[in-house]
Amino acid sequence: MSSYRVAHRYAIALLQSAEEEHHLEETTHDAEMIGKTVRENRELRVALASPVIDKETKKRVLGEIFGKRIGPIMLRFLNLLTEKNREGDLLAIIEQFTRLLDEKRGIVRVEVTSAVQLTETESNRLKEQLERYTGKKVVPSFRLDPTVLGGFVVRLDDRIMDATLAHQLDLLRERFLEGTYAGKHS
């Protein structure tokens, strides 16, 4: 089974369990905290993915790191992942959990890349336009990339909206060439 499908199935199970036990907010907070900790700690990621480290050691390590900081649903979930040898999929599962929760709440996350930092007014205007476009609440994250020539690029799920000067010049060049080419055959 693909890693995506595994992560998706476990994320659905976690979401359903949190909803059934009325601990969705706590579980969401726990998932965010665990995801951040695992992403920022290379040694922990390596240990979780290691086939050499036995289940009991992994459970103990996860318990020591997160045990007093997370609720019972997430603690049971971490133990389940370890029992099923899926602890290496933890980050992918948390990403899927977040995506499912966002979908349920009508939220879409977008990544905006620009060469310079957008002003608050520009950021708000862009967010409003994206909310009208998607019909959902938009949660943007902004990233600077000095190679972007004027404007910005928006990544929305698997779509990319390129509003850079370079892209606009490419479109203009294509239209010009099409017009030139069409003129030769008229």
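Annotations for the structure displayed:
- Residue under evaluation residue 5, criteria (1) surrounded by 17 or more Cβ atoms within 10 Å (Cβ to Cβ); (2) assigned to a helix (DSSP H, G or I); (3) modelled with pLDDT under 95, criterion not met: (1)
- Among the residues of region 127-176, just one is part of a loop (DSSP other than H, G, I, E, B), among the small types (Gly, Ala, Ser) and closer than 24 Å to residue 100 by Cβ, namely 135.
- Number of residues in region 14-34 that are open to solvent by less than 80 Å² (accessible area, probe 1.4 Å) and in a helix (DSSP H, G or I) equals 13.
- Unmet criterion (only one of (1) over 29 Å from residue 36 (Cβ atoms); (2) of a type in the set (Val, Ile, Thr); (3) open to solvent by 40 Å² or more (accessible area, probe 1.4 Å)) for residue 160: (1)
- Residues in region 96-126 that are in contact with a Leu (Cβ under 6 Å, 6 or more places away or on another chain) and assigned to a helix (DSSP H, G or I): 97, 100.
- Residue pairs whose Cβ atoms lie under 6 Å apart, sitting 6 or more positions apart in sequence or on different chains, and linking a residue in region 163-179 that is within 23 Å of residue 114 (Cβ to Cβ) to a partner that is open to solvent by 100 Å² or more (accessible area, probe 1.4 Å), are 164/149; 165/149; 166/149.
- Hits in region 64-85 (condition: over 21 Å from residue 22 (Cα atoms) and either open to solvent by 70 Å² or more (accessible area, probe 1.4 Å) or without any contact (Cβ under 8 Å) to a residue 40 or more places away in the chain (or both)): 64, 65, 82, 83, 84, 85
The values are calculated or read from the model by the stated rules, or taken from the named source; none is laboratory data. Please read all numbers here as calculations on a predicted model, not as lab measurements. Neighbour counts are summed over all protein chains in view; Cβ atoms, including those assigned to glycine, are modelled from backbone coordinates with ideal geometry. Protein only, heavy atoms only, side chains kept; ligands, DNA and RNA dropped before computing areas. Shrake-Rupley method; radii C 1.70, N 1.55, O 1.52, S 1.80 Å.
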